[in-house]
Each structure stands twice: as C-alpha cells, then as structure tokens.
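Below is one structure; the comments refer to it alone.
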Amino acid sequence: MADTRRLSNFDIDIFLRDYWQRRPLLIRNPWNDWHNPLEPDELAGLACEGEVESRLVVKSGDSWKLEHGPLPAERFGELGSEPWTLLVQAVDHHVPEVAALLEGFRFIPNWRVDDVMVSYAENGGGVGPHFDNYDVFLVQGLGRRRWRIGAACNDATELLPHPDLRLLADFEPTGEWVLEPGDMLYIPPGIAHDGVAVGGDCMTYSIGFRAPSRGELVAGWAQSVIGELAEDDRYRDPALARQENPGEITAGALAELHAMVAEKLQDRSAFARWFGQHATAPKNPEIDWQPEHPPVREEVEQLLAQGAALLRNPAARFSFIRQGPGAVSLFVDGEAFECDGASAAFAERLCAADRLATDAALTGSAEATELIVELLDMGSVAFNEE
C-alpha cells in the first residue's frame, strides 16, 4: 500500500501560526500518494459490530432521522433513494490503515487526539448544517463532497428542535468547496459547516482533536481531590472571638475556608498526574485489549535482544510529563508509570511513534523491561509478528 501517512506541500509552522483554532483552510491533496485506506463494505461491517459506535442519518424532505448502531446487515439493503449517511466512530481503533492517517498530524500533541470517524454517504447524504466544539480535519477518501462553511457559533446559537441532532436553525454559507479524493479541509471549533455528498460512494475521514471544557476539568480534578481527603480534615477555629452579629460569615472565616479548598486544588504536581491519567483514559474502556496469555518476561527479553519491533495498539493513548533531568511520568490508557534513565528514554520514544525499533540495550535495564512487560499485559503494545 502507498504511504498515505505523510503530508507534503504543507507548511506546519504557517498552519499553526495562521490557521489553527483561527480560521478554516482548504488543502488540496497534500499526501505523498493518496490511497483510500478502507472500503465501504468494511465500514458497513464495522457498523454491524456491537462494540463499535455507529449512526445512520437519513434525510427525508426537510426532516432528519437518526438510528444508532449496531445496525443489522440487512438494514443497508432496505435504504431507498433518500439521502443517507453512515458514521462510524473510532475506526482507527480497529483498522491499522486508518490509524496510520494520524501519523500525518503528529505536530499536534497526542493528548489532543480524539479519534478518526469515517462516514459513507450516497448522493445528497450528509448530517445537516452544524458546528463542533473541537478541531477537525476532513479528509476526502472516495468520491466527492461539497462543503459549505459559515459563521462562528457558540452555545447561544439557535438550533432546530430535534431529539438527536444539533442542527443549525439559520445557516448562511460564507464559503464553498468540492473536495476530491485526498483533499482536506480544516475547520476550527465553533465554525458552522455542512457537507453533502456529490454522487455516490462518498467516504470522508474526520480526524478530530478534543479539548476539555473548563467544567470537565474542574469536575474531574475536584472529584479526584475529594477521593483523597480524610473525613476528619475539617475547618477549625480555636481562636474564635465573639461576634457582634452571629448571622455574619466573617471575612476571616471565608479566608480560612477558601484556603482549605485552594490548598488542595492548587497542588500542581498532583494535578499533572491526574490530568495525565485523565487525558489518556481509553475512549472505549469496555473493550478489553489484554492478550489471551500474559507475557513471559524471559520471552520478552529474548525478543528485545533480537531487536523485535514494538507496535502501539491503535486504540491506546500515550503521553508523558517531564519530572526533571532524565525522569518522566508516562501515561498509557489512564495508568501512570514513573520512569528514569533507560526507561524514561524508552518512554519518550514510545510516545513519539506508533512503531518502535528495540535493541539489546533495553534488556540491560530491568525497569525498561518491566515497563514493556506491563504494557504488553495491558494490550497497549505488542511485538510485531513479522
């Protein structure tokens, strides 16, 4: 298969400076050699599987109907001439060729990656004018799709009444392009857009980048702090003085109470550890990626000595935080590993690429070997069978 993973004629620095989270950008076929990594029948097959999130959107006149998967195989034969779209989430977790698309976007931090959603539409199919709260690159895989973009939106933007879809009540396009296979459109958060298939066999790869809301961060971090607090850690006022009015909550009491909260919430190192675990938590935790048989340390050491390559599970999430010279905290699928020396260097390399060549030097580090054994047992990495 041709290598579709690298972008050419695309200036990353200019993009980050002038477009990222600022304005849309049309990029005409920037791939070295575009090759559609997934066939429509394979996508339909994924939509029939219970552990895969999928949706079917059918447009009938001015109305929209949404069906949630898993879809029965015969459903596709029942679809008539009305425009329809099939959307399948996290296809990169199940199809390595789709996961390989992410390699072209590694100039964006790992923790920002959400997933690769793939859609298939017949002529006129789409999901209607809408906006998202995340960055997305829309890569045309097969066929053609007309994209129209509009104004910036927010939570106050009026939506049509619909139980399942967030469709814009008023969409005024300000730009329009038809994308051919390999073409790509970047859309920042909040920008209205509408994509409609032009002809049949239209496949689009939506590479989404998540951004946590302030509410998500506050709720998650506060819940983590609460879990560490002792029941007898309470407000005390041994120097209490008589108040003129007992109904007043004094400034001194408020200062003490606020300090009790702030002291715990402002623990930066504890926040960093929590966020590393939070940001790498599995997207689909109900799926068990553990190998059928646990790894045997002696066999792992032998493979390392032979220079066997390690492959990251496409569904796994890897990030690290530096903790000082030669030390990092590695976060994989919501788990934290403290690494230094050889294991820290290995952790950094592992986070940088989806395939990692090993060498015999790793067998000389008990910490690095133990880390690999643990990651193998989690199903987060595997040795290349080839």
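Of the residues Val332, Val300, Val296, Val328, the single one that is surrounded by fewer than 16 Cβ atoms within 10 Å (Cβ to Cβ) and β-branched (Val, Ile, Thr) is Val296.
The residues of region 20-33 that are touching a strand residue (DSSP E or B) at 6+ places or on another chain (Cβ under 9 Å) and under 19 Å from Leu179 (Cα atoms), listed by number, are Arg23, Pro24, Leu25, Leu26, Ile27, Arg28, Asn29, Pro30, Trp31, Asn32. Applying the criterion of at least 2 residues that are crowded, with 16+ Cβ neighbours inside 10 Å, among the small types (Gly, Ala, Ser) and in contact with a Lys or Arg (Cβ under 6 Å, 6 or more places away or on another chain) to the strands (runs of 3 or more DSSP E) found wholly in region 170-270 leaves 191-209.
The residues on offer are Ile191, Ile108, and the sole one that is closer than 23 Å to Val57 by Cα, in contact with a strand residue (DSSP E or B) (Cβ under 7 Å, 6 or more places away or on another chain) and either without any contact (Cβ under 8 Å) to a residue 40 or more places away in the chain or in the same structural domain as Trp34 (by TED's automatic domain parsing) (or both) is Ile191.
Among the residues of region 41-55, what is the count of those that are of a type outside the set (Lys, Arg) and closer than 16 Å to Ser206 by Cβ?
Residues that pass the stated criteria total 6.
Screening Leu375, Leu356 for residues that are closer than 21 Å to Ala281 by Cβ and not assigned by TED's automatic domain parsing to the domain that holds Asn110 leaves exactly one candidate, Leu375.
Do the conditions hold for Asp114, that is, is it more than 22 Å from His35 (Cα to Cα) and surrounded by fewer than 20 Cβ atoms within 10 Å (Cβ to Cβ)? So Asp114 passes the test. Just give me the residues in region 164-180 being more than 11 Å from Cys153 (Cβ to Cβ) and of a type in the set (D, E, K, R), in sequence order. Selection gives Asp164, Glu172, Glu176, Glu180. For Lys283, the criteria (1) part of a loop (DSSP other than H, G, I, E, B); (2) over 23 Å from Ala315 (Cα atoms) hold in every case but one, which is (2).
Selection of region 128-162 for residues being in a loop (DSSP other than H, G, I, E, B) and in contact (Cβ under 8 Å) with a residue 40 or more places away in the chain yields Gly128, Pro129, Phe131, Asp132, Asn133, Tyr134, His162. What do you reckon, is Gly125 assigned to a loop (DSSP other than H, G, I, E, B) and surrounded by 20 or more Cβ atoms within 10 Å (Cβ to Cβ)? Yes: the conditions hold for Gly125. Assigned to a strand (DSSP E or B) and either within 29 Å of Leu159 (Cβ to Cβ) or of a type outside the set (Lys, Arg) (or both), is that true of Leu46? No; evaluated as a whole, the condition is false for this residue.
Contact map, region 24-52: first residue more than 15 Å from Met184 (Cα to Cα), second residue among the basic types (Lys, Arg), Cβ cut-off under 9 Å, separation 6 or more or different chains; pairs are Ala47/Arg55; Ala47/Arg75; Cys48/Arg75. Looking only at residues of region 352-386 that are of a type in the set (Val, Ile, Thr) and farther than 10 Å from Leu311 by Cα, we find that the one that is farthest from the chain's Cα centre (by Cα) is Thr363. Among the residues of region 68-105, the ones that are on the phi < 0 side of the Ramachandran plot and either small (Gly, Ala, Ser) or not assigned by TED's automatic domain parsing to the domain that holds His35 (or both) come to 8 in all.
I'd like the full set of residues that are small (Gly, Ala, Ser) and farther than 21 Å from Pro325 by Cβ, limited to region 335-386.
Ala353, Ala357, Ala360, Gly379, Ser380, Ala382
Scanning region 271-280 for residues that are in a helix (DSSP H, G or I) and touching a strand residue (DSSP E or B) at 6+ places or on another chain (Cβ under 7 Å) gives Ala272, Arg273, Gly276, Gln277, Ala279. Residue pairs whose Cβ atoms lie under 8 Å apart, sitting 6 or more positions apart in sequence or on different chains, and linking a residue in region 310-326 that is closer than 16 Å to Ala345 by Cα to a partner that is among the hydroxyl-bearing types (Ser, Thr, Tyr), are Leu310/Thr358; Phe318/Thr280; Phe318/Ser380; Ser319/Thr280; Phe320/Ser329; Ile321/Ser329; Gln323/Ser329. Residues considered: Arg349, Arg322. Of these, the only one that is surrounded by fewer than 18 Cβ atoms within 10 Å (Cβ to Cβ), assigned to a strand (DSSP E or B) and within 30 Å of the chain's Cα centre (by Cα) is Arg322.
The values are calculated or read from the model by the stated rules, or taken from the named source; none is laboratory data. Keep in mind that this is a model prediction, so the values were computed, not measured. Here the Cβ is made from the backbone with ideal geometry for all residues, glycine too, and neighbour counts use every protein chain on show.
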